[in-house]
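S.K.: First, the structure itself, so that you have it in front of you.
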Amino acid sequence: MNKKTNDWMKINYKAAAYKSKYAKKENGVENEKDLKPRSPVVTLMGHVDHGKTSLLDYIRKTNIIAGEFGGITQHVGAYNVKFKNGKSITFLDTPGHEAFTAMRARGTKITDIVIIVIATDENVMPQTKEAISHAQVAKVPIIFALNKIDKVNSDPIKIKRKLSEMNFLLKEWGGHYPSQEISAKSGEGVDQLLEKILLEAKKLNLRANPNKPAEGTVIEASLEKERGYTTTILIQGGTLKVGDYLVAGTFHGKVKLILNERGKSLKKEYPSKPVIILGLNGAPTPGEKFKVFLNEKEAKQFVENKIKLKKEHKFRFQRKPQITLEQMTKKIKKLKLIIKADVDGSVEALSDSLENLSTDKIVVQIIYKNIGLISESDILLAVASNAIIIGFNVKITSKAKILAKKNKIDIRLYYVIYNAINAIKKALDVMTLDAKKIITVGTAKVINCFKHKKIGTIAGCLILTGQIKRNSKLRLIRKGQLIYSGELNSLKRFKEDVKEVNKGYECGIVIKNFNDIKIGDRIEFYSP
């Protein structure tokens, strides 16, 4: 046996031994017996100055584990809080719901529960409504923390009433959403809030497999003069150990040091725990997935392949929009919309009109509506939820334009409500037709148009394919976009009414209730 063969066998033997230590998946699903309970991961969201940071600081300072000297040593994006009963909760301190949704837009799900913090001495502010919308899109349980009850002008009833008007009925009023009145300043009600978080987590039955190589998500990363690249990560499965070869995004390296948020050095850490690591050769983007490999060679090879695939994907899909009104397919059962308008009256009028367009086949879902300019937050929400943005009498911020162009988000701006309603009607027509699996029986090209005072527009057409019949349904296409769908009012050859016209022949048609026909339009016919 030569040296090369012997080395190859040793490498594969080590790989097999390494993998045998960890529980395997069956058909991509973890074995039930290998799953262990894990801590819930909670994100705090809400309006600026409503007390998110104050609440998190209070929880951290009052739950410092005995024996840990020095208290809070540094600010990082995630914290794990342990309690006397042995339970723990991981809190994510995001800079805002935009960052939260940006992670989800990259396909990353890191949060189990969202806490919406609302100041009871103010109101349900626009940013609060946005935060709620982002949490709903992520499809995670919501708990409302009604903060600042120590203030003289605090009015929790007003907030509860406002939430109920937004269809968020709290449990104490017979609804489904847990809530807790708190004071992040004095700590009143905070213990009860934590109990409700743990109760919600128990319902979710959160579990993970600790007996495998670690995997999870990057929370934040930075370059420090003394230590080099530091990366805060959330372990979502497996166990991370010092010495592991880790890949995050397009960066890799051997884990040299593992620290918790208090600066304590660790040899290893388990699922649902946030840690700071040193050893990567760069700073990955927040929201990137990470995973552990057997050795440096495998890690480098994985990164090289990932970079190649990323370049190919960018080249192949750089001109393809995420979704447009013309690209609705039979797979989509809902048309998701984000509405921004100049005044409340317009928002309500437009959203009500569009929701009323829903049919038994397709539902128009307004996932978010508000007044003001179309912002970056709206773009991120559209990316995460695969939605179309409808703007009425509003403009787009310069940063939002750049972000929308980068993510190929379809934004429609209107100044007449009827035009917006008509555009959505057309989109629903396409979706409904596709859902019925219709088969085109013939196509025609408009080669001439004639105006008639009584009849309307008569289109002179050449039948390109198939056969059209008097009772055919139709849709008119102009420059690749659906303009109208409906039915024929009349079908003629010369001056005679006919029942059908075949390929290669010319004919005159009148479309029922539609006159905006132009030369060059394409008409597709299908059976009713």
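S.K.: Compute the distance from the alpha-carbon center of region 340-403 to that of region 496-524, in whole Å.
M.R.: Centre-to-centre distance over Cα atoms comes out at 36 Å.
S.K.: Given R₀ = 30 Å, what would the calculated FRET efficiency be for ARG161 paired with LEU266, taking r from the Cβ atoms and rounding to 0.05? Let's see the in-between values first.
M.R.: Numbers: r = 47 Å, r/R0 = 1.58.
The value I calculate is 0.05.
S.K.: Given R₀ = 22 Å, FRET efficiency for GLN467-ASN515 by Cβ-Cβ distance, to 0.05?
M.R.: Numbers: r = 25 Å, r/R0 = 1.14.
For R0 = 22 Å, the calculated efficiency reads 0.30.
S.K.: Determine the gain in length on full extension of the stretch ASN31-ILE421; use 0.36 nm per residue of separation and subtract their C-alpha separation, reporting nm with one decimal.
M.R.: Details: separation 390, 0.36 × 390 = 140.40 nm, distance 5.00 nm.
Result: 135.4 nm gained on full extension.
S.K.: Sticking with this one: Please work out the Cα center distance from region 199-237 to region 261-311, rounded to the nearest Å.
M.R.: Going from one Cα centre to the other spans 10 Å.
S.K.: Which residues does the label zone of LYS308 cover in region 259-299, counting backbone N under 15 Å from a point 7 Å along Cα→Cβ?
M.R.: What the label zone holds, given the 15 Å backbone N cut-off, is 298-299.
S.K.: At a Förster distance of 41 Å, what's the computed FRET efficiency of LYS408 paired with ILE455, Cβ-Cβ distance as r, to 0.05? Write out the running numbers ahead of the final one.
M.R.: Values: r = 42 Å, r/R0 = 1.03.
Once rounded, the FRET efficiency stands at 0.45.
S.K.: Quick one: accessible area per residue over region 137-228, 1.4 Å probe, rounded to a whole number of Å²? Walk me through the numbers before you get to the answer.
M.R.: Details: 4960 Å² over 92 residues.
Spelled out: the 1.4 Å probe surface of region 137-228, per residue, equals 54 Å².
S.K.: What's the extension gain from TYR505 to LEU199 if we count 0.36 nm per residue and subtract their Cα-Cα distance?
M.R.: Working: separation 306, 0.36 × 306 = 110.16 nm, distance 7.22 nm.
Length gained between TYR505 and LEU199: 102.9 nm.
S.K.: Work out from phi, with θ = phi - 60° and the Karplus expression 6.51 cos²θ - 1.76 cosθ + 1.60, the ³J(HN,Hα) of each residue of region 200-211, listed in order in whole Hz, and give x for Gly and Pro.
M.R.: 5, 5, 5, 5, 6, 6, 6, 9, 8, 9, x, 9
S.K.: Now for a different question. Can you list residues from other chains, or at least 5 along the same chain, whose modelled amide H is less than 5 Å from the amide H of LEU335?
M.R.: Amide H neighbours of LEU335: VAL363, VAL364, GLN365.
S.K.: Calculate, in nm to one decimal, what ILE439 and GLU226 gain on full extension: separation in residues at 0.36 nm each, minus their alpha carbon distance. It would help to have the intermediate numbers written out before the result.
M.R.: On the way: separation 213, 0.36 × 213 = 76.68 nm, distance 6.69 nm.
Net length gain for the segment: 70.0 nm.
S.K.: Chymotrypsin sites (Phe, Trp or Tyr not before Pro), restricted to region 359-434: which are DSSP loop and have at most 12 other Cβ atoms within 10 Å?
M.R.: Numbers: sites: TYR368, PHE392, TYR414, TYR415, TYR418; in loops: TYR415.
Qualifying residues, ordered by number: TYR415.
S.K.: Over 20 Å between C-alpha atoms is what I'm after, so list which of LYS36/LYS203; LYS451/LYS512; LYS241/LYS306; LYS109/LYS401; LYS212/LYS308; LYS241/LYS289 land there.
M.R.: Numbers: LYS36/LYS203 15 Å; LYS451/LYS512 14 Å; LYS241/LYS306 24 Å; LYS109/LYS401 26 Å; LYS212/LYS308 28 Å; LYS241/LYS289 17 Å.
Over 20 Å apart, Cα to Cα: LYS241/LYS306; LYS109/LYS401; LYS212/LYS308.
The values are calculated or read from the model by the stated rules, or taken from the named source; none is laboratory data. Treat the numbers as computed from the prediction; the structure is a model and nothing was measured. Every residue, glycine among them, receives a Cβ derived from its backbone with ideal geometry; neighbour counts consider all protein chains shown. Just the protein is used for accessible areas: all its heavy atoms, side chains included, with ligands, DNA and RNA removed. Shrake-Rupley method; radii C 1.70, N 1.55, O 1.52, S 1.80 Å.
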